[in-house]
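Student: Pasting a structure below so you can have a look.
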Amino acid sequence: MYDFSYHRPKSVADAVGLLKSKPEARAMSGGMTLIPTLKQRLARPSDVVDLGGVKELAGIKVEGNNVVIGGMTRHADVASSAEVKASIPALAYLAGHIGDPQVRNRGTMGGSVANNDPAADYPGAVVALNATVTTNTGKHAADSFFKGLFETALADGELITSISFPKAEKAAYMKFPNPASRYAMVGVFVAKTASGVRVAVTGAGACVFRVKAMEDALAKNFTSAAIKDIKIPADGLNSDIHGSAEYRAHLVGVMARRAVDAANK
Amino acid sequence: MTSATGIGARVLRTEDKRFLTGTGRYVDDLPLSRATYAYFLRSPHAHAKIKSIDISAAAKMPGVVNIFTGKDLVDAKVGGLICGWVVKDKHGQPHKSPAHPVMAVDTVRYVGDTVAMIVANSHDEAKDAAEAIKVDYDVKPANVDLAKALDKGAAEVHPEAPGNLVYDWEIGVKADVDAAFAKAAHVTKLDLVNNRLIPNAMEPRAAAADYDKGTGNYTLWSTSQNPHVLRLILSAFVLGIPEHKLRVIAPDVGGGFGSKIFCYADETMVCWAASRVGRPIKWTAERSESFQTDCHGRDHVTHAELALDKDGKFLALKVETIANMGAYLSTFSTAVPTYLYATLLAGQYTTPLIYANVKAALTHTAPVDAYRGAGRPEATFVIESIVSKAAAEMKIDAAELRRKNFIPSTAFPYQTPVALQYDSGNYPPIIDEAMKIADYKGFEARRAEAKSRGKLRGIGFSSYIEACGLAPSQVIGQLGGGVGQWESAQIKFNPTGNVQILTGAHSHGQGHETTFAQLIHDKLGVPMEQIEVVHGDTSTTPFGMGSYGSRSLAVGGSAIMKAADKVIAKGKKIAAHLMEASVADVEFENGVFKVAGTDKNVPLGQVIFAAYVPHNYPITEVEPGMDENAFYDPANFVYPAGTQICELEIDPETGTTEIVNFTAIDDFGNIINPMIVEGQVHGGIVQGVGQALMEGAVYDKSTGQLISGSFMDYTMPRADNFPSFKLGYKHTPCPHNPLGVKGCGEAGAIASPAAVMNAIHNALSPIGVKHVEMPATPLNVWQSIQGAQRQAAE
Ligand SMILES: Cc1cc2nc3c(=O)[nH]c(=O)nc-3n(C[C@H](O)[C@H](O)[C@H](O)COP(=O)(O)OP(=O)(O)OC[C@H]3O[C@@H](n4cnc5c(N)ncnc54)[C@H](O)[C@@H]3O)c2cc1C
C-alpha cells in the first residue's frame, strides 16, 4: 500500500473534522474493504480516519418499533444480538451469513452500507425493511440512499452513525452465494412491515433493487404461489463467470419464493 | 515390532506442534541482516512485443538498489530455464524446445510473464519503483483457446514451434485398435475437457539468497519440493554456479502439490542478483502473482472411444488429447501428458489394445506442469468417465461392467498394452467393500426419497490405478527423463544414542518427520523423541530427488530401511565383540543385540556408545562411528488402486450440488501411519472434488487476461462442502520394496473427479442431460438442465 497518515479520533465530530480538513481522507470502520483496496494500490488516501475508537458509533438498541444499529456495529454482533433475533430474526440471519468469522468480527454495518457493493447483503435488508440511514448531517430514506454501483447519497465527509430498522411482521432473507467469494450472487430480502410488503434484490444487478410486481402480488396474498409466475427480465443484470444474467434472473424468482416460504414459517 | 508408535500406529504428527503454534520457519520468516527486497514487474498482456523498457525514472526512486531486465541476463550470458524431459514424437524426433528466457527479452507471452526485477530497501519501495518503469508494448493477438491452439491462423507463441505444436506423440498401434473397433458390438464415444487448475498452495512461492563474497558461496532459500534438483538445474543449466558453491535450503514449506517442483524465474533471479547487489535479497509472491505465475495443472481437450463386445468386455480404447503446455515448457511439462498419462489408460482393466495420440500445444497462458496426480487424474477421468458412459448406454450396472473387465488377481505381474507392468493388486474385493460401505443396494430407495424432496440424487464410481513411487531410473532414462529417480538416506547416530535421519525427500505437508521416525523407531527400537528427521538442505542431506509423485515413502522410506540394515549389520559386529560371541550368533530385536539361545545381550545404545568411544572395540575390523547411508533405486513403480463411490444431490432449481456420501477404499499396500494416510486421502478427495465441482482457471479468450485471478473468482473447496468421508483399506503389499508400501499422496485427487462427474451424470440423465463438463458449477448444471428441457420441448 501507499503511505498515508493514520488517525484514531474518539468522537464523530473529530472524525468528521479530520475527514473535512484533509484533502484525500477516507474513513475506515472494519477495514474489510478498505484495507484490501489499499493493499492492491487501488486507492491512495492521504489520511485514514479509523472509526474504531468512536464509542458512540457501536451498539444495538430497540427504540419503540425500531431496532437501531450503530454504524460501527460488527456483523458478528448483529448476528448474535438478542434484540435483533427477537425483533427481526431475518436481519440476524443475514448478518450471520456474511463472509466468514474473521470478516464478521471486523466488518461493520456502516462500512458495508456506505460501500454499497452490488454483491453486499445488507442493502437488501435496508431497502426491504424500509430502514432509515442516519448520518452526522441528517437522515436518508432507504429508497433514496442507494444510487448505483458503489454509489450512495452520502456526501463527502458524511458518516453513517446508525441505521434504524422497523420491526417486521414477517421477513426472511435468502442468499445464493457466489461459489468463490460467497458474497451474494443473488440475495432476496422479503419483508412485511408497517410500510407494506417489500421485495429487495441484491447481487443480481448493479445496485439493490425492488421487484414491484412481486410486492403487489404478495400484498394481496403473502405466499410463494402468488409470485411463482412472475418472471424477472435478465436485461441489465450482472453477468460473469459464475452466473449469466439469465441465471441470476431465474435465481431471483427461486430465492424470492424460498424467502416467502421461510417468512411464513 | 508393534508398539504404540511403530509401524501401523496412528502417531500424532510431531511437526504439527510448531506448525500449530506459529513457530514453523518458512522462507519469508528468515531474518537476514541488510536484506533487500525484490519485486517483479509482470506483463499485463498475454502477447506483446516489448518495444522499449525505460527504467530511468524508476532507478532514481527512493530506496531502489538495482533494477534488472531481460537484457541484463543476455549480456551476462545467463542460460534460459529448462525442460528436463525430452519426449520424442511419433516420428522419433525430440519435442520442439523453444527458448525460455528467465526474464522476457523482446516478447511477453502470458499475463504474468516476468519483465523486470526491482531490488530495493523495502518491498513497498520496490513496488513504487515498478510503477515508474515505462514499458512500451506492441500488443499482438493472443492464442488462448486450447481447442483452437493448433488450428491454422492461431497466433504463434514461439517461432521454434511452428503451428504451436510441441510434439505429436503416440503410444500403441493404431491399425490394431482400428481393427478391433471394426468388430465391436458397441462403441462408446466421449468428448471431454479436463479443466485447468491453479494449485494455490497455502504458502506462496518465496525465495531468498545471500552471496558470500569471501568464499564465493551462494545460499538460496527456496520454497522447493526438491532442493537438490533445483540446485542441479541452476548450476548445470541456468546460472553456471558450480554445484558445490551453491547451497539450496528448502525449510518449512507450506504445501506444493507439484507447483514447487519446478525451477522458476523468480528464485533464479533472486539467486543471480544476490552477488550483483552485494546484499541478501528476499522475495515472496503476492497471492495474485501465485495465481498468474505458479505453473497451472491439467488442461486437456480429449476425444475417447471404447470398443466393447456384446457382453461388455472391453476390446480396445482409442484416445486423442490436446494438452496445454502454456507459453513455455516448464521443468517436467512434456512428460505429464505422455508418460504419466497415456501409460495409465489401461486402468484396472484387461483392455487388450490401446492407442493414444497426444498433441502438446503452446498457448499464451501460464506454463502448465505437474499438479497433484500429474497425468494420472487426467487418464483416470477419461477411463472412468467412458466406462460409466458405456455402462449406461449398454444398460449394464456400472459396478458390474467394471468387475467384468478387472484384471484378475491371478494375473499379476500384469503387462498392460501401454508399457507399464503392474506389480500387484486385487481389485474385486475393493469395489465390493466400497459398495457395502456406500450401501449401493439402498441407493434407489434413497434416490426416490430425494425425489420426493425435489432433489435429483446420483451415484458414481471411480476405480483408479496409478503408477507412482517415481521411479526406476533406467526406465525414466529410456523415456527421456533427464534425472535419476532413486532416493537417498543417511542414519547418523550421535554418541549419546539419539539419531538423525537425513533424507533427500522433502516434506511440505506430508508428515515425513513422523512417518520416517516411525520407521526407525520400529526397526531399531529408538524412542520417537530421540529421532530427528532432517531434510531440505543440500549442505546437510545427501543428494536426493525430493518429493512428488507419491514417492517419499516407497522410495525414500526404502532408502531409510536399507541404511538401517547397515546399522544393524555393523552393530552386530560391535555387539559380538562386546558379548565375546561370534557375529553369526548375534540377533537384533526390539533395540537389543542378543546371542541366540543365551541371555547375553547389549542394547543398541551401548553399541552406539562403543562405536564413538571405541575403548573396548574390534578396531582392526570395524571402523568407529555409526553413520550409514544408502541409495535406493526402485525396481518398478508402485501401483496403488482403489474404488471411490460418490453420492450427491442436485437442486434442479438452482443447479447446486451437495455431496451427501463419499466412500473411498484404497490399496496402498502396507500402511505406516493410518492417520497421516487418512489426511492425505481427505486432502486428495477434496482437491479432486474441487476440480469436479468448483475450480477452473478462466482466461479471457480474446485478451488472455486471467479472469479467475483471485479467491473472489477462483472457487476453492471448503470444509463445509463435504460430508465425513468413509474410508477403508485393502492391502496387497508391494512385492519389490522393503516396506511393502505404495504411495497415497495423489490417489484421492486422481480418482475423485470421475466419481463426482459420474454421479452428476447419473443424477441428471433421467431428465435428459447428456453431458456436463467440469467444473459442474451451479451455473453449469443449471444451464445443462435448461438445455435438456429446451431439447425435450422441441
Ligand atoms: C473475505 C470477505 C468476504 C466478504 N463476504 C461478504 C458477504 O458475503 N456479504 C457482504 O455483504 N459482505 C461481505 N464482505 C464485506 C464485509 O461485509 C464488510 O462489511 C465490507 O467489506 C465493509 O467493510 P468494513 O465494514 O470493514 O468497512 P471499511 O472497509 O472500513 O470501509 C468500507 C468503505 O466504507 C466507508 N465507511 C466505513 N464506515 C463508514 C461510515 N460509518 N460512514 C460512511 N462511510 C464509511 C469507508 O471509507 C470505505 O470507503 C466480505 C469481505 C471480505 C473481506
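The values are calculated or read from the model by the stated rules, or taken from the named source; none is laboratory data. Model, not experiment: these values are computed from the prediction. Here the Cβ positions follow ideal geometry from the backbone for every residue, glycine too, while neighbour counts run over all protein chains shown.
Student: Go through region B:1-94 and tell me which helices (runs of 4 or more DSSP H), entirely inside it, have 3 or more residues that are hydrophobic (A, V, I, L, M, F, W, C), closer than 30 Å to B:L706 by Cα and in contact (Cβ under 8 Å) with a residue 40 or more places away in the chain.
Tutor: Counting at least 3 such residues, we get B:56-59.
Student: Next up: Would you check which residues across region A:10-52 are under 17 Å from A:T135 (Cα atoms) and more than 11 Å from the ligand (Cβ to nearest atom) and list them?
Tutor: Of everything in region A:10-52, those that are under 17 Å from A:T135 (Cα atoms) and more than 11 Å from the ligand (Cβ to nearest atom) turn out to be A:K10, A:S11, A:A13, A:D14, A:G17, A:L18, A:K20.
Student: Does B:H512 qualify as being in contact with a Leu (Cβ under 9 Å, 6 or more places away or on another chain) and within 30 Å of B:E378 (Cβ to Cβ)?
Tutor: Answer is yes for this residue.
Student: Do you know which residues across region A:96-131 are without any contact (Cβ under 8 Å) to a residue 40 or more places away in the chain and either more than 9 Å from the ligand (Cβ to nearest atom) or among the basic types (K, R) (or both)?
Tutor: Within region A:96-131, A:G96, A:P101, A:R104, A:N105, A:A131 meet the criteria.
Student: Before we move on, is A:S164 away from the ligand (no atom under 14 Å from the Cβ), under 30 Å from A:K265 (Cβ atoms) and among the hydroxyl-bearing types (S, T, Y)?
Tutor: So A:S164 fits the description; yes.
Student: Right, something else. Assess whether A:V67 counts as being at pLDDT 95 or above, within 12 Å of the ligand (Cβ to nearest atom) and crowded, with 24+ Cβ neighbours inside 10 Å.
Tutor: Against the criterion (at pLDDT 95 or above, within 12 Å of the ligand (Cβ to nearest atom) and crowded, with 24+ Cβ neighbours inside 10 Å), A:V67 does not qualify.
Student: Whether any residue in region B:148-164 is within 14 Å of chain A (Cβ to nearest Cβ) and among the hydrophobic types (A, V, I, L, M, F, W, C) is what I want to check.
Tutor: No, because not a single residue in region B:148-164 is within 14 Å of chain A (Cβ to nearest Cβ) and among the hydrophobic types (A, V, I, L, M, F, W, C).
Student: If you take the residues of region A:153-188 that are aromatic (F, W, Y) and touching a Pro at 6+ places or on another chain (Cβ under 9 Å), which of them is farthest from A:P123 (Cα to Cα)?
Tutor: Selected residue: A:F176.
Student: Quick test of your reading of the structure: B:T188 fulfils all but one of (1) touching a Ser or Thr at 6+ places or on another chain (Cβ under 7 Å); (2) in a strand (DSSP E or B). Name the failing condition by number.
Tutor: (1)
Student: Which one of A:V49, A:V84, A:V16, A:V54 is surrounded by 15 or more Cβ atoms within 10 Å (Cβ to Cβ), away from every other protein chain (no Cβ under 14 Å) and under 23 Å from A:G124 (Cβ atoms)?
Tutor: Among A:V49, A:V84, A:V16, A:V54, only A:V84 is surrounded by 15 or more Cβ atoms within 10 Å (Cβ to Cβ), away from every other protein chain (no Cβ under 14 Å) and under 23 Å from A:G124 (Cβ atoms).
Residue by residue, here is whether (1) more than 26 Å from the chain's Cα centre (by Cα); (2) within 14 Å of chain A (Cβ to nearest Cβ) holds:
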| residue | (1), (2) |
| --- | --- |
| B:H100 | no, no |
| B:T114 | no, no |
| B:I118 | yes, no |
| B:D124 | yes, yes |
| B:A130 | yes, yes |
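Student: Can you tell me which residues in region B:566-607 are in a strand (DSSP E or B) and crowded, with 19+ Cβ neighbours inside 10 Å?
Tutor: Within region B:566-607, B:V586, B:F588, B:F593, B:K594, B:V602 qualify.
Student: Being of a type in the set (G, A, S) and away from chain B (no Cβ under 12 Å) is the filter here, so list the residues in region A:225-248 that pass it.
Tutor: A:A225, A:A226, A:A234, A:G236
Student: Still on this structure, I have one more. Do we find a residue being over 27 Å from B:D713 (Cβ atoms), within 16 Å of the ligand (Cβ to nearest atom) and at pLDDT below 95 anywhere in region A:133-150?
Tutor: No - not one qualifying residue is present in region A:133-150.
Student: Follow-up. Would you please list the contacts, defined by Cβ atoms under 6 Å and residues six or more apart or on different chains, that run from a residue in region A:25-40 that is away from chain B (no Cβ under 14 Å) to a residue that is within 6 Å of the ligand (Cβ to nearest atom) and among the small types (G, A, S)?
Tutor: A:S29/A:G110; A:S29/A:G111; A:G30/A:G107; A:G30/A:G111
Student: List the strands (runs of 3 or more DSSP E) inside region B:229-314, counting only whole elements, that have at least 2 residues being on the phi > 0 side of the Ramachandran plot.
Tutor: Once the strands (runs of 3 or more DSSP E) in region B:229-314 are filtered for at least 2 residues that are on the phi > 0 side of the Ramachandran plot, what remains is B:297-308.
Student: Quick check: is even one residue across region A:168-177 within 13 Å of the ligand (Cβ to nearest atom), away from chain B (no Cβ under 14 Å) and touching a residue at least 24 places away in the same chain (Cβ under 8 Å)?
Tutor: yes
Student: Within the bounds of region B:623-644, is there any residue that is within 14 Å of another protein chain (Cβ to nearest Cβ), surrounded by 24 or more Cβ atoms within 10 Å (Cβ to Cβ) and of a type outside the set (F, W, Y)?
Tutor: Looking for residues that are within 14 Å of another protein chain (Cβ to nearest Cβ), surrounded by 24 or more Cβ atoms within 10 Å (Cβ to Cβ) and of a type outside the set (F, W, Y), one finds none in region B:623-644, hence no.
Student: Search region B:268-287 for residues that are more than 18 Å from B:T223 (Cβ to Cβ) and pair each with any residue that is of a type in the set (D, E, K, R) when their beta-carbon atoms are under 8 Å apart and the residues are at least 6 apart or on different chains.
Tutor: B:S275/B:K213; B:G278/B:K213; B:R279/B:R34
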